[in-house]
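Working notes for the structure below.
Bear in mind these aren't lab numbers, they're just calculated from the coordinates by the rules spelled out. This structure is a prediction, so every number in the text was calculated from the model and none was measured. Using ideal geometry, Cβ is built from the backbone for each residue, glycine included, and neighbour counts are taken over all protein chains shown.
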Amino acid sequence: MSPATGPPRLRVGVIGGGIAGLTAAYRFAQRGHQVTLWERGPRLGGQAAAFPVLGTAIEYFYHHLFMSDHDIVQLMNEIGIGDDLIWLPSPVGFFADGKIYPLSGAFDLLRLGCIPLIDRLRVGFTTLYLQKLRDWRRFEHVTAAEWLRRAVGQRAFDRVWGAQLRAKFGPRYDQVAMVWFWNKIYLRTQSRPSLLAKEKLGYIRGSFNTLIDRLAEVIAEQGATIKVGVGTDRLERRDNEWLVRTSEGEEVTCDVIVATVPSPILAKLFPDLPEDYKAKLTGAVYQAAVTMLLQTTRPLSHIYWLNIGDPSVPFTGIIEHTNFIGPEHYQGRHLIYVSKYVEHNHPYLTTPDDQLFAEYVPYLQRINPAFSPDWVERYWVFREYAAQPIITKNYSARIPEHRTPLPGLYLANTAQIYPEDRGTNYSVRIGNVVADLVEQDLRAGLLRPGTATAASNP
């Protein structure tokens, strides 16, 4: 069926060029709609974007995939890069009492010497219970701190899971819903061939830029427009259409707007939203992230993902990328993320990079007493203000709908990912979901197409 005789075509504007925005733009263009995507920042990909280093690229913020991440795997296969996905062992550890404890398999819990044997058994049985449990709804009305204290006891909670909750969520650690914690345990189980097997995680050859660049390529091939470094400064509803004024002074008319920005930003962009919906947007609370990436001549440890259980250590975790993707891919160098989640008023968001590095050095030496600043050839510090939505009790009742109350305006962002936690797979999922919703509304006669020139639909 040709565009002239086929279904009506929409003029679609997508705000934000992260994975959700790119996926939605791809689906719209695939269906023949006229698509324009605006990304205010200097690059596409959002938090999954990578930058050049050592002849290849690495993400600004550490990324991997789980074996249960079917949406992104399907998308990669669809756009012809499925063979670039590799699955590799991913050793996990826990740092406490000046020692690294391996935690890659079920039996490693029995060797977690920072707590007594009886506590290890309680933690182990609780972990097995959560791994098998599929009904997350029973955890909606209780915090992780409340439930875990009852399950494993105060002592084990303080030393293991409570320490990690405090490290990630700071003063809000006791507000985090058990749903969030359950998902972390359950998801990791899905990345193991069996309950007793060790975990494997996925990575994309050449970094996640391989996916981002290919998506941008196929979107352009389908006739859509992608504008990087261009923001949407003003959006106004006029005569059943949206008038978009960009930071370049251009005016574009759209039938549909899909926004992938954080919820509080949407509230500012569209002040005419009804108060009840706006309250859901402004009620969303995000943790910020400060991530330091070290390029070193030696490894810090043999662990890929090291959770920090020592409250005196000023960072949340260490993700030693080259214990996952080997140093041979990076000219023999080692790449190590030092991760810290913070409140928006935390001084690390403005601390000079060299001062932050100097502050971290003594604690890196706790993890490996042989560590020397001389190992570090260079380092980078990256900051993200909307890194982690905080999932609190009864969260499902406060999620803003993808269909907003304003006609032709849709929302797709990480605060809507639930019960799963935010991640590239779920960004792909919500990009697909919002594109399908728009298509449903079009076919139901709820959207009025304007004068779109249909994109090519090979």
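Of note:
- Spatially close Lys pairs in the chain, defined by Cα atoms under 17 Å apart and a spacing of eight or more places or different chains, total 10.
- Principal axis analysis of the Cα atoms in region 12-143 yields extents of 62, 44, 29 Å, listed in decreasing size.
- The gain in end-to-end length when the Lys99 to Tyr385 segment is fully stretched comes to 99.8 nm, 0.36 nm per residue minus the alpha carbon separation.
- Highest mean packing comes first when the peptides 17-24, 72-79 are listed by Cβ atoms within 10 Å, giving 17-24, 72-79.
- Between region 292-347 and region 40-95, the C-alpha centres lie 17 angstrom from each other.
- The equivalent ellipsoid of region 105-197 has semi-axes of 20, 18, 11 Å, largest first, where each one is the square root of 5 times an eigenvalue of the Cα gyration tensor.
- Label sites at Leu406 and Phe107, each approximated as a point 7 angstrom past Cα along Cα to Cβ, lie 5.9 nm apart.
- Debye-sum result for the chain in log10 I(q)/I(0), which assumes one identical scatterer on each alpha carbon, at q = 0.11 Å⁻¹: -0.92
- Counting beta carbons within 10 Å around each of Ile86, Ile367 and listing the fewest first gives the order Ile86, Ile367.
- Taking only the C-alpha atoms of region 21-77, Rg followed by Dmax gives 14.0, 40 Å.
- Debye, to nearest 20: dipole size of region 105-197, +1 on Lys, Arg Cβ, -1 on Asp, Glu Cβ: 100
- Taking 0.36 nm per residue of sequence separation and removing the Cα-Cα distance, the Gln355/Asp158 pair yields an extension gain of 67.9 nm.
- The calculated FRET efficiency for the pair Asp233 and Gln331, based on their C-beta separation and a Förster distance of 60 Å, comes to about 0.90.
- Spacing of the modelled spin labels on Arg366 and Leu446, each 7 Å from Cα toward Cβ, amounts to 5.2 nm.
- The local environment of Gly21, defined by Cβ-Cβ distances under 14 Å, has a net charge of +4 under the rule Lys, Arg +1 and Asp, Glu -1.
- Between Thr297 and Ala220, the simple spin-label model (points 7 angstrom out along Cα→Cβ) gives 4.1 nm.
- The chain, relative contact order [Cα under 8 Å, separation at least 6], %: 26
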